Amino acid sequence: MAEMTTTIYDLTVIGAGPGGYEAALEAAKLGLRTALIEKDSLGGTCLNRGCIPTKTLLHSSELYKEICDAERFGISAEHVQADLNNIQQHKQTTIATLQKGIAALLKAAKVTMYQGLGTVIDTGTDDSNKDHMKQVQITADGADPVIIQTRQILLASGSVPSVPPIPGHDLPGVMTSDELLSWDQEPFSSLLIIGGGVIGVEFAGIWQALGTKITILEALPSLIANMDKELGQSLKQSLKKKGADIHTGAMVQSLESTQDGILCTYTEKDTVCTCTAQAVLIATGRKPYTDGLFADGLAPSMERGRILTDEHFQTSLPGIYAIGDVNGKLQLAHAATAQGLHAVHQIAAALSEDTANRAVPHRNSPVLDLVPSCIYASPEIASVGLTLDQAKEQGLVAKSHKILSSANGKSVLSLQERGFMKVVYLEETHVIIGAQLLCARATDMISEFAVAIAQKLTLEEMASVIRPHPSFSEMITQVTTL
Ligand code: NAD
């Protein structure tokens, strides 16, 4: 028998990933009585099965590789071992530490946490009574369902790996990133990665550094195909130089278990080819997660699994918003957070119209159309704004300026791989409209370009700032000096 709580929340957030928990914190800061529902662990995909665990494994595997190669810096190290069990423990400790931090923030902000599956059972939109509340049922194992009443709802239920129906996709040893992230036994001798997008190339980097032979099969003509062409080409060269076998334009047909491992049959330029690996990672994209999110007949408008929203992330149902991976706009943690903050400000403003004496504090909404994309490969890749091709497609008269990292002191002394930095600007005014980086610390330095583009800075304005020497960021001065 479901029990109804007496509290009426202003906002109920479903999903405690970086979209949902940040939105709940902001809502509480704005004075909204806020509930946050999570069926698994705090932090969502990003903290439990995505950004943080992959970057923790990458950090360990790169450190291992660096120690193995330490002779290059005049240091000798013997008996260096990468113990995956211990590396996984470090990953778990990292996750637990961050979870504790988030829990403390939520507690301090007085956000009420509910553990269980949240289902919208009343959208509160079927009559003209303004006091008709929306209702969300929370179902958890071993407990009676609880029903909470709420004025508005924010859906932030994220996404799950999408596995194409390749024959053999369910064989033992064929994994998605969820399973491979928890692998704590001996490193594989060989790993086949199906999909050369962000997840594919990031996992390639982790396992390559641990000594695993990598093969990537990508259906499109290039790796990371939605980014600047030169980034994909340089990444391919770098992975190949370290021993990876990379096939683009490759269509996977089937996977089979054999004595030698998992046999993959694929076609490349109309030729049937095969390769064998000890394990297979399927990294062919993620799909919005909406299981159990709505009672029958209550779902808002959806398209191919994603919840459709307007520019303020409101769904087709008034007062119900959807942010992050579940709306399928941009599958990035920082985009989910920005969307959540934007939606919460809309919600707070809407509620303040309904509720007397409630002022919405001013805070600039995030610049939603300027989202940096980062790939944690070696070297790192980052891009923001337009590529030169995109600028030309939009009819802009633009140019680009590129520099190599080979003259940067910090890159040379730390024996970084050859990288580059490219800035795209309007020819007449020199206003910066895009940047593409492939170099050490690219994922940190891209923010300087995000600020420049948001503030419409010119090359000359960017170059006029004194940057420390020696530093990787000196490349920014170099690339913005024609
Ligand atoms: P993706 O869409 O980036 O890449 C999937 C790739 O698989 C595509 O290039 C596609 O052409 C290819 N593909 C699909 N079916 C195939 C098949 N049958 N055979 C061969 N290739 C096939 O998806 P992803 O890499 O799985 O990542 C999922 C999402 O998670 C992305 O939106 C990504 O932005 C996000 N993510 C971001 C980061 C980051 O920001 N650093 C890290 C991990 C994931």
Is there a residue in segment 232-246 that is within 15 Å of the ligand (Cβ to nearest atom), more than 23 Å from the chain's Cα centre (by Cα) and either touching a residue at least 60 places away in the same chain (Cβ under 8 Å) or open to solvent by 40 Å² or more (accessible area, probe 1.4 Å) (or both)? yes
Any idea how many residues of segment 34-84 are free of Cβ contacts under 8 Å to residues at least 60 places away in the same chain and hydroxyl-bearing (Ser, Thr, Tyr)? 4
Determine the pairs where a residue that is surrounded by fewer than 11 Cβ atoms within 10 Å (Cβ to Cβ), located within segment 393-415, has a partner that is at pLDDT 95 or above and not in a helix (DSSP H, G or I) with Cβ atoms under 7 Å apart, the partner being 6 or more residues away or on another chain. VAL397/LEU426; VAL397/GLU427; VAL397/GLU428
Residue match in segment 369-376 (condition: open to solvent by 40 Å² or more (accessible area, probe 1.4 Å), part of a helix (DSSP H, G or I), within 16 Å of the ligand (Cβ to nearest atom) and on the phi < 0 side of the Ramachandran plot): no
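Only residues that are touching a Lys or Arg at 6+ places or on another chain (Cβ under 9 Å) and farther than 17 Å from GLN233 by Cα: list them for segment 187-198, please.
Pass one, segment 187-198, residues touching a Lys or Arg at 6+ places or on another chain (Cβ under 9 Å): 188-191, 196.
Answer for segment 187-198, where residues must be touching a Lys or Arg at 6+ places or on another chain (Cβ under 9 Å) and farther than 17 Å from GLN233 by Cα: PHE188, SER189, SER190, LEU191.
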Based on this model, can you work out whether ALA343 counts as touching a His at 6+ places or on another chain (Cβ under 7 Å), modelled with pLDDT of 95 or more and not basic (Lys, Arg)? yes
Considering segment 163-204 alone, what residues qualify as being open to solvent by 70 Å² or more (accessible area, probe 1.4 Å), in contact with a Leu (Cβ under 8 Å, 6 or more places away or on another chain) and away from the ligand (no atom under 12 Å from the Cβ)? GLN185, GLU186
Would you mention how many residues in segment 52-109 are more than 30 Å from SER411 (Cα to Cα) and in a loop (DSSP other than H, G, I, E, B)? 1
Could you give me the residue pairs with C-beta distances under 8 Å whose first residue belongs to segment 1-17 and is under 29 Å from LEU98 (Cβ atoms) and free of Cβ contacts under 8 Å to residues at least 24 places away in the same chain, whose second residue is open to solvent by less than 30 Å² (accessible area, probe 1.4 Å) and among the acidic types (Asp, Glu) wherever it lies, and which are 6+ apart or on separate chains? none
May I ask you to list the residues in segment 16-50 that are more than 15 Å from GLN152 (Cβ to Cβ) and small (Gly, Ala, Ser)? ALA16, GLY17, GLY19, SER41, GLY43, GLY44, GLY50
Keeping to segment 432-481, report how many residues are in a loop (DSSP other than H, G, I, E, B) and more than 23 Å from VAL412 (Cβ to Cβ). 4
Filter the strands (runs of 3 or more DSSP E) completely within segment 141-200 down to those with at least 1 residues that are more than 25 Å from PRO288 (Cα to Cα). 146-155, 190-194
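Looking at GLY74, GLY43, GLY50, which one is modelled with pLDDT of 95 or more and open to solvent by less than 10 Å² (accessible area, probe 1.4 Å)?
Matching residue, one of GLY74, GLY43, GLY50: GLY43.
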Please indicate, with yes or no, whether at least one residue in segment 253-263 is of a type in the set (S, T, N, Q), open to solvent by 70 Å² or more (accessible area, probe 1.4 Å) and within 30 Å of SER400 (Cβ to Cβ). no
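The values are calculated or read from the model by the stated rules, or taken from the named source; none is laboratory data. In this text the structure is predicted, and so the values were computed from the model without any measurement. Here the Cβ is made from the backbone with ideal geometry for all residues, glycine too, and neighbour counts use every protein chain on show. These accessible areas exclude ligands, DNA and RNA; they are computed on the full protein's heavy atoms, side chains included. Shrake-Rupley method; radii C 1.70, N 1.55, O 1.52, S 1.80 Å.
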